[in-house]
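None of the figures in this text is laboratory data; all of them are computed from the coordinates on show. Bear in mind the structure is a predicted one, so any value in this text is a computation, not a measurement. Neighbour counts are summed over all protein chains in view; Cβ atoms, including those assigned to glycine, are modelled from backbone coordinates with ideal geometry.
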Ligand SMILES: Cc1cc2nc3c(=O)[nH]c(=O)nc-3n(C[C@H](O)[C@H](O)[C@H](O)COP(=O)(O)OP(=O)(O)OC[C@H]3O[C@@H](n4cnc5c(N)ncnc54)[C@H](O)[C@@H]3O)c2cc1C
């Protein structure tokens, strides 16, 4: 092991999650905090999100990504005990909380931390994960890396584009490309509904007359050196392409926005349990993982729709880590959540008994006029969409009669046609 | 500009050309290796199964059998000298039924006739013990412990780098277009100018018949047989330890489950004759491969797929490698029809061709100072101590560019010095952008580093050569900034 420095808290990743967690921990009195970031700039994905729509829930005003990040960067500066290390990559974390990092300025350094908060965010699913046949030419980008190339580095990728996937980044990039004079021929979505926020469909596609093809996919990529065209086909109920109905769209750029996966190589290394439904670590009401003293928050735990939620949740994790360091978190009586009808995922996965716990819930499929049941608690949900988080604040009385687990389900809804 | 004059010109920097130039660099010779692509190993040698075959499959008496067995024997020492990624993991051919057990025995007899060492037949239980994740339907196996796996392009890079450090010359972006015999050798025309060579070796892979025809030699007829391959995430490491073969068919060794040196699992290849040799993959190819592979390892899941590619075998008319002096000139050696097991055989093909050159009159005098060793820095293979020392010496090794594979800026820069000029060249030399995220995170950084090291604007950085540039240009706002700055300075 390289030379070791003892610190109270190490936060891995200085995106919105890591920054909020570090600030909250510092405010709660944690003295020596190290915030580690592999990029040169703080803010994670925010600096490249130059559009607005951030902060409505958290700051009650509309900000751009860089503005939102800036507010937290200012907060970080208020705490002299909080040290930020940029261009520093975490290579190893052990279950006993040794964090090994590397950087050009310091070489290898190891921190022995009292607590660790994992806030590595998520990464994009690449083409291979969806296995599109055809050639492998230049001009295929994931939406996020294209956004980085355009908004941070100032490059134009091509002249005409097709976007596969109608998640929020795909929608935002459709507008961004259009504004830069790139012709966006279509946004394609495999599902019969978009996974993006409704406001983005209106503001990014409809306002620019960019066609959205639901239940369609790319079935083949053409072009030897650079993308020349893609073949598109509608899909049937089982997502099988209907080849006879296929058509070609010429373009020199294919943008993939086919999903985000929590970035959990380090979590696996530590040995924390992952939830197959979220792809992130299983956490409790304090955002503590299944390994003591290791916390996880933000998109590494669950891919959120809104950065505001990431900040709220991460502040909670930061305060919890502070309490843990003071020896205040000992109660380990918890109940697991159980996904019932039309529920894909619930975070946190373990409810600490007696603790009020905000839940982030995702449905499997769209429906209307359903009732959300959480233990004994319930609320009406007029519109349920797999693309939008369902919020519910679980109160201690909701689980008073719960026996062994907390069931979460949507009941009595009407499925769209 | 003076015309280069060389003793031996090797055409084609695939594994055959690379192994040959390295073998020849042991001698006092003027050597030149030319390659039409922007980089070495961008032909068939880039995209294949990466298996060092034991030689059980080939028909006794063929060059394929002789050279595969010899090549396989040469690998361990070669890997120790050149530090490419290789592992002797062993191979197992499996039987799905009682009838197939008899076939396995025949294969064992065949292998022994070829001189393959250490073969043993396994019953169901023994097979299960060695490879617990194989399908319970399989009834027995033939174990070939000498078989191995190699990262094929890493082998080619290692061979060429070592040859160059021993004095050989390499020219990429250089396509041979005409060959004219003249007194004592040949005059060769390329897109980069003329070359005089006393001897020529045609190691042009799929281009082999064209190159031979430039001399007027029409005896080399080749067609392309495509093979698709599918690569799975490294989290499956250990699913199988040995390379798993079904019993072979008439045209190929079948669909295999291959553990790669880097810990991924790969399945493939298909074997399909194609008229237009493109490198696309297809739904049909995937379905065939996945279906067959699942019969060997039932737990494979499409979710774990990270990428797919295809390669083209240059198949000749004789069913065997065609390695011989041209009937038109003993100074022109064809190495054609090098289909599988060409990767395995390459080191032995090189030895064989050196003998042919000698017979044709090439004088061979050993170099006193030949250095068989090549070394490269691979940060992720070092322990903390060694990593720390390296970073002390050069801070760039502490700056990680590829998070999935832990590749540093220092290694990217090394890769450029080793010859990479494109994104693919970097990817193949360092593995950055190669696995999990497929470059989502590191691509912008690599474009920047390439542009700095090569002194080219980012718009000229390509994936794999002209026509595959990654960026069209600057955004309007950025262009305007630039114009304003210019005006200010003016
Ligand atoms: C799918 C697949 C799987 C395989 N799996 C295995 C395996 O597991 N084990 C094994 O042993 N073998 C395997 N093989 C076979 C092996 O890949 C080949 O035998 C080997 O790579 C051939 O090397 P080469 O140097 O002859 O050809 P190449 O690698 O194609 O090299 C020829 C080079 O010549 C260049 N060239 C052509 N024309 C000209 C010109 N006019 N001027 C200049 N340069 C020129 C080309 O650009 C090319 O780079 C496989 C092949 C395929 C397709």
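May I ask for the angle, rounded to the nearest 10°, between helix A:168-179 and the longest principal axis of chain A, with both axes built from Cα atoms and the value confined to 0 to 90°?
50
Which of A:414, B:96, B:403 has the fewest other C-beta atoms within 10 Å, and how do the rest follow up to the most?
Numbers: A:414 10, B:96 16, B:403 22.
With the fewest neighbours first, A:414, B:96, B:403 line up as A:414, B:96, B:403.
Give the span of segment B:86-223's Cα atoms along each principal axis, as three whole-Å numbers ordered largest to smallest.
Rounded to whole Å, the extents work out to 65, 35, 25 Å.
Set the Förster distance to 22 Å, then compute FRET efficiency between residue A:152 and residue A:183 from the Cβ-Cβ distance, nearest 0.05. Each step should come with its number before you reach the end.
Values: r = 23 Å, r/R0 = 1.05.
After rounding, the FRET efficiency stands at 0.45.
For peptide A:133-146, compute the average count of partner chain beta-carbon atoms within 10 Å of each residue's beta-carbon.
Values: counts 9, 7, 6, 12, 5, 13, 6, 4, 4, 6, 1, 2, 8, 3.
If you average over the peptide's residues, the count of other-chain Cβ atoms is 6.
I need the shape label for segment B:379-476. Rule: rounded when a/c is under 1.5, else prolate if a/b > b/c, else oblate, with a, b, c from the alpha carbon gyration tensor. Display every interim value, and only then the final one.
Values: a/c = 2.16, a/b = 1.84, b/c = 1.17.
It is prolate, given that a/c is not under 1.5 and a/b is the larger ratio.
Sort A:236-247, B:385-396 by packing, meaning the average of other beta carbons within 10 Å per residue, with the highest value first. Provide the component values of the computation, followed by the final result.
Numbers: A:236-247: 11.2, B:385-396: 16.3.
Highest-to-lowest ranking by the protection proxy: B:385-396, A:236-247.
Quick check on the exposure proxy: order A:89, A:19 from fewest to most C-beta atoms within 10 angstrom. Don't skip to the answer; put the middle values down first.
Details: A:89 22, A:19 33.
Placing the least packed residue first, the sequence is A:89, A:19.
Given the -39500 (n - 2.57) contribution per DSSP H run of 4+ residues, what per-residue ellipticity at 222 nm results for chain A, rounded to the nearest 500 deg cm²/dmol? Each step should come with its number before you reach the end.
Working: 6 runs with 71 residues, N = 417.
Dividing the helical sum by the residues of chain A leaves -5500 deg cm²/dmol.
When a/c reaches 1.5 or more, the comparison of a/b and b/c decides; with that in mind, is chain B rounded, prolate or oblate per its Cα gyration tensor?
On the way: a/c = 1.70, a/b = 1.14, b/c = 1.49.
In terms of gyration-tensor shape, oblate.
Which order do peptides A:117-125, B:30-38 fall in by mean Cβ count within 10 Å, highest first? Spell out each step's value before the answer.
Details: A:117-125: 26.4, B:30-38: 22.4.
Order by mean packing, descending: A:117-125, B:30-38.
Could you tell me the distance between the Cα centroids of segment B:467-490 and segment B:325-365, to the nearest Å?
Using only Cα atoms, the two centres lie 52 Å from each other.
Can you order the peptides A:223-233, B:279-289 by their average number of other Cβ atoms within 10 Å per residue, highest first? Please report the intermediate quantities before stating the final value.
Details: A:223-233: 20.5, B:279-289: 18.3.
Most protected by this proxy first, the peptides run A:223-233, B:279-289.
For peptide A:222-234, what's the mean number of Cβ atoms from other chains within 10 Å of each residue's Cβ? Show your work: numbers first, answer last.
Working: counts 2, 4, 6, 8, 7, 1, 0, 0, 0, 0, 0, 0, 0.
Rounded to a whole number, the mean comes out at 2.
Give me the percent relative contact order of chain B, please, defined on Cα pairs under 8 angstrom at least 6 residues apart. Kindly include the intermediate steps, with their values, before the conclusion.
Numbers: 1059 pairs, mean separation 89.9, N = 490.
Taking the mean separation of contacting Cα pairs over the length of chain B, I get 18 percent.
Could you work out the Rg to Rh ratio of segment B:91-157, with Rh taken as the Kirkwood radius (inverse of the mean 1/r over all Cα pairs)? Walk me through the intermediate numbers first.
Values: Rg = 13.7 Å, Rh = 12.9 Å.
Over the Cα atoms of segment B:91-157, Rg/Rh equals 1.06.
Within 10 Å of each Cβ of A:80-91, how many other protein chain Cβ atoms are there on average? Working shown, then result.
Numbers: counts 0, 0, 0, 0, 0, 0, 0, 3, 3, 8, 2, 7.
Partner-chain Cβ atoms within 10 Å, mean over residues of A:80-91: 2.
Where a ≥ b ≥ c are the square roots of the eigenvalues of the C-alpha gyration tensor, would you call chain A rounded, which needs a/c under 1.5, or, failing that, prolate if a/b is larger than b/c, or oblate? Each step should come with its number before you reach the end.
On the way: a/c = 1.97, a/b = 1.29, b/c = 1.53.
Here chain A falls in the oblate category.
Taking R0 as 25 Å, what FRET efficiency do you get between residue B:235 and residue B:284 from their Cβ-Cβ distance, rounded to the nearest 0.05?
On the way: r = 27 Å, r/R0 = 1.10.
Between residue B:235 and residue B:284 the formula returns 0.35.
Using 0.36 nm per residue of separation minus the Cα-Cα distance, give me the extension gain between residue A:378 and residue A:328 in nm, one decimal. Provide the component values of the computation, followed by the final result.
Working: separation 50, 0.36 × 50 = 18.00 nm, distance 3.12 nm.
Gain on stretching residue A:378 to residue A:328: 14.9 nm.
Quick one: A:141, B:352, fewest Cβ neighbours within 10 Å first, how do they rank?
Working: A:141 29, B:352 23.
So the ranking, lowest neighbour count to highest, is B:352, A:141.
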